[in-house]
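In what follows, a structure is listed as structure tokens, so that the remarks can point back to it.
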């Protein structure tokens, strides 16, 4: 079990008092368990959490520039993950998370209390496979799923869910050097990544490829 506190600096000022915003703070309580099989081929984790955020910046629904710091959000949920070494060549891993987020306080728009905040996916899941082709070459591929998020804090609409495919690999040149490559969103799927409100949305990342060189000394 663990308890933690955090803070995040915020840019801007309160339009009523003209005072700079204070950091957004959070209190988190988490409890979990880990499992490792006797042969060390199977691993698993399970955790539940409760996060309370305070001093969240909120904007007037009509005039976006009118901002105060009276918002509070509570998020509860759980995360589960596991991996299994099927044999000497294939390793599978999967994860799933559930987040139930709720606006618990907001003075400017009190009608949104009880709604789900924007940019918060209730369900997320991943499935990943590593294939050890040789002692030096490793190939991997995976699928990411994200549930549709609310388009705004008024919960006037919901974005479609999205499923993306990623691939990658690495090659150990020698004991010191390794080269790697990865492609995210392999099929270049076009989708809306998230929205702040009904008039402010941005697209999800297009196909991205990266190459790396790692040196161990």
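All conditions but one from (1) under 24 Å from residue 208 (Cβ atoms); (2) in contact with a strand residue (DSSP E or B) (Cβ under 8 Å, 6 or more places away or on another chain); (3) outside any strand (DSSP E or B) apply to residue 188; the one that does not is (2). Scanning segment 99-127 for residues that are more than 11 Å from the chain's Cα centre (by Cα), farther than 16 Å from residue 52 by Cα and in a strand (DSSP E or B) yields 126, 127. Scanning segment 110-124 for residues that are under 25 Å from residue 193 (Cα atoms) and free of Cβ contacts under 8 Å to residues at least 60 places away in the same chain yields 112, 113, 114, 115, 116, 117, 120, 121, 122, 123, 124.
In this structure, is residue 131 within 16 Å of the chain's Cα centre (by Cα), surrounded by fewer than 16 Cβ atoms within 10 Å (Cβ to Cβ) and part of a strand (DSSP E or B)? Show your work before the answer.
Numbers: within 16 Å of the chain's Cα centre (by Cα): no; surrounded by fewer than 16 Cβ atoms within 10 Å (Cβ to Cβ): yes; part of a strand (DSSP E or B): yes.
The answer is no for residue 131.
Would you mind stating whether residue 88 is more than 26 Å from residue 199 (Cα to Cα), in a loop (DSSP other than H, G, I, E, B) and either touching a strand residue (DSSP E or B) at 6+ places or on another chain (Cβ under 8 Å) or touching a residue at least 40 places away in the same chain (Cβ under 8 Å) (or both)? Taking the combined requirement at face value, the residue satisfies it. Test residue 116 against the criterion of being modelled with pLDDT of 90 or more, in contact with a strand residue (DSSP E or B) (Cβ under 8 Å, 6 or more places away or on another chain) and either crowded, with 17+ Cβ neighbours inside 10 Å or farther than 28 Å from residue 164 by Cβ (or both), and give yes or no. It is true that residue 116 is modelled with pLDDT of 90 or more, in contact with a strand residue (DSSP E or B) (Cβ under 8 Å, 6 or more places away or on another chain) and either crowded, with 17+ Cβ neighbours inside 10 Å or farther than 28 Å from residue 164 by Cβ (or both).
The values are calculated or read from the model by the stated rules, or taken from the named source; none is laboratory data. Since we're looking at a predicted model, the values are computed, not measured. Neighbour counts are summed over all protein chains in view; Cβ atoms, including those assigned to glycine, are modelled from backbone coordinates with ideal geometry.
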